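A short worksheet on the structure shown next.
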Amino acid sequence: MIAEVDPDILLLTGFDYDAGQVALGAFADQLDAAGATYPHRFSLRPNSGMATKLDLDGNGRTGEPRDAQGYGRFAGDGGMALLSRYEIDREGVQDLTGLLWKDLPGATLPQLGGAPFPSTEALEIQRLSTTGHWLVPIRWPGRAALTLLAFAATPPIFDGPEDRNGLRNADELRLWTRLLDGDLALAPPAPPFVLLGNANLDAQDGNGLRAVMARFLTDSRLQDPRPASPGGKAEADPAQTGDPALDTADWRAVAEDGPGNLRVDYVLPSADLTIADSGVFWPSGGPALDTARAASRHRLVWVDLVVDR
C-alpha cells in the first residue's frame, strides 16, 4: 500500500519504538523490497508505555498500561516513526514530548467532584503528549527547510465523568495552537511547515470535544486540503453528519456501538504552500480495499506539495 501511494515523506503512528531502531530498519527493508526506498529514518522515545509509579487513571491500582505517561503495555508501545527520502535535520529537531500537561498555557485539567483527578500528585508529573509532539526539519530541495509538526493524540474515550481523555485529547491539539501563537518557551515554526498525525478527533462526528477540531481547521495559518476517497464515501455511516468521503478511519468492526467511520488523521500544510493534490487511500472495493483493511483501521492520508526548484 505504501509503495503504491509512494510518498516522499511518511509518518507512521502506532509503530513500536526501540532505542536502536531495529524494528524501523526492518520495516524500511521491507518497503525497499516493495519498491519504496527511505534512506532517512527518525524516531524518538514516546510517552506511551513510559512507566510511572502512580495511579494515573484513578482506578486505585498502579503499574497498569493506563498508568504510563501514555497508554502502553511496555516502553515504546505504539510510538511514532518518520521515513523520508529527503535528509532529516536531526540537530534542528525540537521535542515537546516532555511538556507537562499543567504547563500548557490555558490547560484544562480533569476534575471529579471539584478535586483534581486522579490526584494532585498525578497531575504534577502527567505529561501532555500521549505519544509525542515533534518539530522535525526536512532539508527540502530548492527551498528553506520544511518543518514537520508530528503527533498522535489519545482517543477521547476510555475514561469516566471526569473526561480525562477527552480533555487531554483537546489540549494535545491546542498545544499546536499555543506554539503557533508564540505562547510556549520556543519560537513558533517559520513557514513552510506541515502539521500531520493522528488527532483522534473528528470535527463533526464521534466522541471528544469536536468544536476544538472545527476551530483548528479554520486557523488561517494552515490549509485543509480535505483529502477524500471513494471508499469512505461508499462505506458511509448513515448516522454521521460529516462528509463520509473525508473519513480516514474505519471503526465499524470494533464494536456494534462504536464510533463508525471518522476523519481523525490529518495533513495540514502551512498557508504559504501550494497544494497540487490530496487523497485518502481507501479504495471502494477489490483487492486494494482488502489490503487497506489488513494494514490498519486507519487509512493512509496523502498530500502532494509543489516544490519550487
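The values are calculated or read from the model by the stated rules, or taken from the named source; none is laboratory data. All values reported here derive from a predicted model rather than from experimental measurement. Glycine gets a Cβ as well: all are built from the backbone with ideal geometry, and neighbour counts include every protein chain shown. In case anyone asks, the SASA skips ligands and DNA or RNA and just uses the protein heavy atoms, side chains included. Shrake-Rupley method; radii C 1.70, N 1.55, O 1.52, S 1.80 Å.
Surface composition of region 228-289: carbon plus sulfur atoms hold 55% of the accessible area, using a 1.4 angstrom probe and ignoring ligands, DNA and RNA.
Once both labels are positioned 7 Å from their Cα atoms along Cα-to-Cβ, the gap between A190 and I125 label points is 4.0 nm.
About the Cα centre, and with charges only on the beta carbon of Lys, Arg (+1) and Asp, Glu (-1), how big is the dipole of the chain? Nearest 20 debye, please.
320 debye
Within the listed set D290, D243, D77, the residue fluctuating most in the Gaussian network model of the chain (springs between alpha-carbon atoms under 10 angstrom) is D290. With an a/c value under 1.5 for the gyration tensor axes a ≥ b ≥ c computed over the alpha-carbon atoms, the chain is described as rounded. Only helical runs count toward this figure. For the chain, summing -39,500 (n - 2.57) over DSSP H runs of n ≥ 4 and dividing by all residues gives -5500 deg cm²/dmol at 222 nm. With a 1.4 Å probe and all protein chains left in place, how much of the accessible area of region 129-211 comes from carbon and sulfur atoms, in whole percent? Of the solvent-accessible surface of region 129-211, carbon and sulfur hold 52 percent. Stretching the chain fully between R45 and R90 yields a gain of 14.7 nm (0.36 nm per residue, less the alpha carbon separation). Across N198, N169, N59, mean-square fluctuation computed from a Gaussian network of the chain (C-alpha pairs under 10 Å connected) peaks at N59. For the chain, a Gaussian network of Cα nodes joined below 10 Å ranks G78, G208, G25 by mean-square fluctuation, and the top entry is G25. With the whole protein complex present, R139 retains an accessible surface near 120 Å², based on a 1.4 Å probe. Ranked by solvent-accessible area (1.4 Å probe, protein heavy atoms only, all chains present), the residues S284, S48 order from largest to smallest as S284, S48.
Between A153, L186, W101, whose Cα lies farthest towards the positive end of the dipole of region 98-186 when Lys and Arg beta carbons carry +1 and Asp and Glu beta carbons carry -1, centred on the Cα centre? The listed residue farthest towards the positive side: L186.
For region 61-135, rounded, prolate or oblate, judged on the Cα gyration tensor with a ≥ b ≥ c (square roots of eigenvalues), a/c < 1.5 rounded, else prolate if a/b > b/c?
In terms of gyration-tensor shape, oblate.
Ordering R221, R61 by accessible area with a probe of 1.4 Å, largest first, what comes out?
If we order R221, R61 from most to least accessible, we get R61, R221.
Solvent-accessible surface of the chain, taken per residue with a 1.4 Å probe and all protein chains present: 45 Å².
Computed about its Cα centre, the charge dipole of region 189-309 is approximately 160 debye, with only Lys, Arg, Asp and Glu carrying charge at their Cβ.
S220 contributes about 100 Å² of solvent-accessible surface, heavy atoms of the protein only, 1.4 Å probe. Most simply put, region 68-217 has about 65% antiparallel DSSP beta bridges, counting only bridges with both residues inside it. Sorted largest first by accessible area at a 1.4 angstrom probe radius, with every protein chain in place, the residues E235, E64, E124 fall in the order E124, E64, E235.
For region 1-61, with the dipole built from +1 on Lys and Arg beta-carbon atoms and -1 on Asp and Glu ones, taken about the Cα centre, which of A36, M50, I2 lies farthest toward the positive end? Result: M50. Heavy-atom accessible area for K102, with the other protein chains in place and a 1.4 Å probe, reaches approximately 80 Å².
With the Cα gyration tensor of region 220-281 giving a ≥ b ≥ c as the square roots of its eigenvalues, does the rule (a/c under 1.5 for rounded; else a/b larger than b/c for prolate; else oblate) give rounded, prolate or oblate? It comes out prolate by the Cα gyration axes.
Dipole size in debye (nearest 20) for region 1-144 around its Cα centre, Lys and Arg Cβ +1, Asp and Glu Cβ -1?
The calculated dipole for region 1-144 is roughly 220 debye.
Protein heavy-atom surface of region 1-86, 1.4 angstrom probe: 49% of the accessible area is carbon and sulfur, with nucleic acids and ligands not counted.
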